[in-house]
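Computed from the coordinates by the stated procedures, all read-outs in this text should not be read as laboratory data. Owing to the predicted nature of the structure, the values given are computational and were not obtained by experimental measurement. Note: ideal-geometry Cβ built from the backbone for every residue, glycine included; neighbour counts use all protein chains shown.
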Amino acid sequence: MQKDFHYYATYCAAHLAGYTHKECLDICYSAQFVDWCSATLLSKLGAPREAATTQLQLELADARTDIIGLQTITRIWSSFHFLPRDLKAEKSGCSKLYLRKYRLICGPNGDLLRSTVELAKDGSLQAAGVAMHVLADTWAHMNFAGTPSLVINNTNRYFYEIVGDETRTITFRHSRTTPDDFDKSIYTCSLYQSSENSIMNLGHGRAGHLPDYSFIKYKYLPAWGDYEEFTKDNPSDYMKAFCQMVYALKYLHGEYAIFQKERYDTEAVAPWEDEIRKILIKRQGEDGACRDWKALGEKMSGEEIPDFSIETYQEEYLTSADKDGTFIGRFILAALAQKSMVTNKIYRSGNRLAGLSVVMNEKGFRGIKAYIALARQIRKEGEK
Amino acid sequence: MSRFDRVKNIIIGLFMIAWAAAIVLIPTFGYPFIVVTLCITLVVRGVRSLVYYFTMARHMVGGLSILYIAILVLQLGLFALSLSDVPRLFVTVYLVGAHAYDGVIAVLRAFEEKALEYPKWKMKMLAGAMNIAVALAALVCGILIESTAVMVYIYGAGLVYSAVIKIVSAFRKTSVVYIQP
């Protein structure tokens, strides 16, 4: 998903969940900031690099693919963009090596999604934004894993777009500068690399931006799917994602005592359903979708939604004496908490692809120093 | 990183330093050592690809291509090992390719960091420029001057650098701390 959904649609969902205009802006800014908070940006701000929620293209190209590099990549992409659906998934006749990757395949309504939303409960608005980004991406990025893996994330030429009654062959190319051609179904994807751990095999790179376009419906053969055709219906999935966001945000806002999987707030969305569907099925790029979602959000709340700017809260963080109390400071704490929780769950499932996890309550503070800030915050909350 | 991984990294790192020292300090063996190393690397890669196919890639749609690649690489490695005289071009292309790639990526990263106003972008630029200079040196020495001595030094320095990174990374704190709320 892109800015249209993570920023503007998240604003709409927060509004329908009962948040004020200012709160909606904080939530949607945080949801979109997940796609911008790289180690390079954090270094510039003097903030802990471990709190990175994304990696820039060149950061990835420069990343080492030794065990530490792979764990760093997996921690980021599995925690924020490709939340695993089932850490205990089984597939007969497969080796442990294979299963370790297979179990990181992303999908909606997994146990980790519930843990993610529950983690944000009683937390900051930034934590709610981070959780909404993760939730939305479980729908868009399903069937791909947030770790470099040829055997999971690869695709082949069998790719067809379904436009009404017509089925078109999708053509992939590797030019990053040429925009996707929606009329001719020509899209950009990453290069084929036969190395299992190549960066080119991370996430949905081999399927290009198809998972990020709300309008598209296509069928293909997932690399892990035993030659069974899978049809991905983005307009339908994006609608479910939106309704689930409204429900999750209502839970975070205190309307429900528990968060249940596979529950969608279709009732709150019903008055706007036609308008939302129109946006979702419109064949357009990110800019057009942003314009439409923005107009809808402003119509819903009657307030102006400012454009997203990466600069907005940087000065506050740089000049503040209480960095943990700033917007970016709270975002960093939310990101560290999410990464820590997901890594722990993956590690406890017997899978070390996201790295080792030390439970502080059992073994004391032994690990990456950046998490001290998180420990401090949790202690403060405990004292309160 | 587990204790086993840490110990493994340190041992491999020390072995790489010893190997680099042997290549640089025994001039008559330096170049053949590099050739043998590269050929063995190809053979090992071929074997690893075979293992990869049988443990993972056979479950993948189109996974048979991995088996073909594995056989091809293994054959190439065995063929190169059997040659009494491997052309200098083989080593030159490897050195130029590896350093030029690292250099270009580092320079592009430096531009990206500069655009994001990260103050230490010049360090990245310097590292990139050095790698590109090394690639050019390998190109000049390997093709124009036809000297193997400089290539031996470049390869040896590269090995030592990789070994140091491996050893240093073995001492890094890598565990993620989980704090139960």
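Listing for the model above:
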{"quantity": "Packing-based exposure ordering (other Cβ within 10 Å, fewest first) of A:Thr74, A:Thr178, A:Thr188", "calculated": "A:Thr178, A:Thr188, A:Thr74"}
{"quantity": "Residues B:Leu159, A:Leu104, B:Leu83, sorted so that the one with the fewest Cβ neighbours within 10 Å comes first", "calculated": "B:Leu83, B:Leu159, A:Leu104"}
{"quantity": "Kirkwood Rh in Å, taken over all unlike Cα pairs in the range A:244-287", "calculated": "12.1 Å"}
{"quantity": "Distant-in-sequence amide H partners of A:Arg173 (H built 1.01 Å from N, under 5 Å)", "calculated": "A:Tyr187, A:Thr188, A:Cys189"}
{"quantity": "Peptides ranked, highest mean first, by Cβ atoms within 10 Å: ranges A:275-285, A:368-378", "calculated": "A:368-378, A:275-285"}
{"quantity": "Ranked list, fewest to most other Cβ atoms within 10 Å of each Cβ, for A:Trp293, B:Trp121, A:Trp36, A:Trp77", "calculated": "A:Trp36, B:Trp121, A:Trp293, A:Trp77"}
{"quantity": "Longest to shortest principal axis, alpha-carbon extents of chain B, angstrom", "calculated": "65, 45, 33"}
{"quantity": "Percent RCO, i.e. relative contact order, over chain B, from Cα pairs under 8 Å lying at least 6 residues apart", "calculated": "32 percent"}
{"quantity": "Scattering curve values for the protein assembly as shown, log₁₀ I(q)/I(0), Debye with Cα scatterers, q = 0.06, 0.12, 0.13 Å⁻¹", "calculated": "-0.33, -1.27, -1.44"}
{"quantity": "Cα-based Rg of the range A:152-233 normalised by 2.2 N^0.38 Å, two decimals", "calculated": "1.06"}
{"quantity": "Computed E for B:Val168/A:Lys96 - FRET, C-beta separation, R0 35 angstrom, nearest 0.05", "calculated": "0.75"}
{"quantity": "Label-point separation in nm, A:Val359 to B:Phe54, each point 7 Å along Cα→Cβ", "calculated": "3.9 nm"}
{"quantity": "At R0 = 30 Å, FRET efficiency that the Cβ-Cβ distance of A:Arg366 and A:Arg114 yields, to 0.05", "calculated": "0.60"}
{"quantity": "Pairwise label distance in nanometres, B:Ala129 with A:Glu304, each label 7 Å out on the Cα-Cβ vector", "calculated": "4.6 nm"}
{"quantity": "Label-point gap, in nm, between A:Tyr256 and A:Lys240 - each point 7 angstrom along Cα→Cβ", "calculated": "1.5 nm"}
{"quantity": "Cβ-derived FRET efficiency at R0 41 Å, A:Gln57 paired with B:Leu14, nearest 0.05", "calculated": "0.70"}
{"quantity": "Cβ neighbours within 10 Å from other chains - mean over B:48-60", "calculated": "5"}
{"quantity": "Contact order normalised by residue count of the range A:225-287, Cα under 8 Å, 6+ apart, percent", "calculated": "37 percent"}
{"quantity": "Mean-position separation - Cα centroids, the range A:67-129 and the range B:138-176, in angstrom", "calculated": "36 Å"}
{"quantity": "Per-residue HN-Hα couplings for the range A:29-37 [Karplus 6.51, -1.76, 1.60; θ = phi - 60°; Hz; x = Gly/Pro]", "calculated": "4, 5, 4, 6, 5, 4, 7, 10, 7"}
